[in-house]
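Structure record follows, encoded as structure tokens.
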Amino acid sequence: MHIPDGILPPLAWAGAYAVTGVITAVSLRKINQVDDPRAAVPKAAMMTAAFFVASSIFFPMPPPMTSAHFILSGTMGVMLGWYAFPAILIGLILQAIVFGHGGITTLGANALVMGVPALMVYGLFNRLRPRLTSDRSLWISGFLAGFCGVLIAAGIFYAFVIGTLPAEINQQAEINATLILILSHLPVGVVEGLFTAFLLNYLRRTRPDLIGMQQQPVT
Amino acid sequence: MADGHNHQADIDAYAQMQSPIHQWDTRWKIVGLLGLIAAFAMVQDWRFMPLLILITCLIYAASGMPWHALRHRLIIPGYVVAAIVIFLPFISGQTVLATLGPIIIFQEGIALSLLIAVRLFCIVTLAFVMFGTDTFVRTILALRALRLPDIMADMVLLTYRYLYEIGAFFAQMRLAARLRGFQGSVFSRQNINILASLVGHLFIRSYEKSERVYKAMVLRGYGSGGVRREIFHSGAADYVKTAVALLLAISLILMDQLL
């Protein structure tokens, strides 16, 4: 779900760069508020690499012969918190420079597509975290983190691509097309929701500190 | 990620060549070429397309990098853009160019498709020149010299350092799971659960490794604010190349606005 170079008009890509700059600055400011911000850099970098690898996994989808890959915006939000946005930006920089995916002028727009859902999920999960005491509650919130991450990312992506393309297209048609394309991501959202729910439950059983939770007492 | 090492080699494969672009100070090269890229992305008038292509091809030829490498670089973004521009002549515009039964082809749609395709070609090519004529590490150090925040630069370098290692480790885990009967190509709730456990294990291993890496980095002086060695040196030739690139960029933007 990357917007390549050349598609967006100047106002869209320049505006996206400006917003991305502001969100990155806010994230770095939050990160710098801890005593030794550099202490967390290797962890964030390593997790960025792990997310990069994990997001390259293609999984089969219900219609036979189709597949999709994980986006993991929601999971990054849950696990990395304020590091999620810089981590996503770094992942996109690496993809653009090393692999030639995504784009240079669209780096800001792509960061918004992936990073905004991560921060939104982080905000929501952070509020819910004290109440996630049962397997069921973590399951539901994990599913929603993955599901919402995909749908919000799809919404921002299509808003950029369709909303900024040719001015001659009917506005209602643009809105309808955007909604249809977002809805077409429902199956991907469900699969990523299931995946995220399983993943968070696995981490709670093995390393709960990675998702900001306490170790469960052994009974 | 299985072929990760090839990618790692790819981006640095042409970094050691000799050409006027390779000799351009990395910091100034980024400034000059980013200026040109921004200008290309701003051009709206399709009449400037031949000029954009000419400038791009001249710069690429000056870099001395082989053309087949560029072709390889253009494949993936080319597919993505092709999926979009192929529809534009039929849905975008008001001036009817041709009618084929129920299908109408609009002039504005064709112009927009051409504009997008040419901009993509030029921007991807210039970005390839910008990043391909220096090693990845040197490019990030140059970005740091251009005020990329230290935390971001450190994260990029460390992520790059461990990306292939983590990718290889995950490939091993998947192979081991397959050998034990895991069929990743079949859709089922159980398979998603297994995949989540594999990824969860990958995250835990990566996290634990990062703790060891951090201790090793601290032992080597990380975060102690030691003296940073200046590795970039610029001269008159660098300033001239940058000035020419920026002058071209500004001229293009002005011509696009005024003509």
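The values are calculated or read from the model by the stated rules, or taken from the named source; none is laboratory data. Keep in mind the model is a prediction, meaning the values are calculated, not measured. Cβ: placed from backbone, ideal geometry, glycine included. Neighbour counts: every protein chain shown.
Here are a few things to note about the model shown:
- Residue pairs meeting the criteria (Cβ under 7 Å; at least 6 apart or on separate chains; first surrounded by fewer than 12 Cβ atoms within 10 Å (Cβ to Cβ), in the range B:242-259; second hydroxyl-bearing (Ser, Thr, Tyr) and not in a helix (DSSP H, G or I)): none
- Test: A:Ala84 is surrounded by 24 or more Cβ atoms within 10 Å (Cβ to Cβ) and modelled with pLDDT under 90: no
- Residue match in the range B:178-185 (condition: touching a helix residue (DSSP H, G or I) at 6+ places or on another chain (Cβ under 6 Å), outside any loop (DSSP other than H, G, I, E, B) and of a type outside the set (Lys, Arg)): no
- A:Met65 passes every criterion in (1) over 14 Å from the mean Cα position of the chain (by Cα); (2) aliphatic (A, V, I, L, M); (3) at pLDDT 90 or above apart from (3).
- Residue ID - nearest to the other protein chains (Cβ to nearest Cβ), chosen from residues in the range B:136-149 that are in a loop (DSSP other than H, G, I, E, B) and surrounded by 15 or more Cβ atoms within 10 Å (Cβ to Cβ): B:Pro149
- For the range A:16-46, a residue qualifies if it is away from every other protein chain (no Cβ under 12 Å), surrounded by fewer than 14 Cβ atoms within 10 Å (Cβ to Cβ) and among the aliphatic types (A, V, I, L, M), and the qualifying residues are A:Ala18, A:Val22, A:Val26.
- Yes/no for B:Met152 being buried (at least 23 other Cβ atoms within 10 Å of the Cβ) and in a helix (DSSP H, G or I): no
- Any chance B:Arg138 is within 20 Å of B:Ser197 (Cα to Cα) and touching a helix residue (DSSP H, G or I) at 6+ places or on another chain (Cβ under 9 Å): no
- Some residue of the range B:130-147 being within 27 Å of B:Arg47 (Cβ to Cβ) and either in contact with a Pro (Cβ under 6 Å, 6 or more places away or on another chain) or assigned by TED's automatic domain parsing to the domain that holds B:Ser210 (or both): no
- Filter result for B:Ile11 (assigned by TED's automatic domain parsing to the domain that holds B:Val244 and among the aliphatic types (A, V, I, L, M)): no
- Residue ID - surrounded by the most Cβ atoms within 10 Å (Cβ to Cβ), chosen from residues in the range B:165-187 that are within 9 Å of chain A (Cβ to nearest Cβ) and more than 18 Å from A:His69 (Cβ to Cβ): B:Phe169
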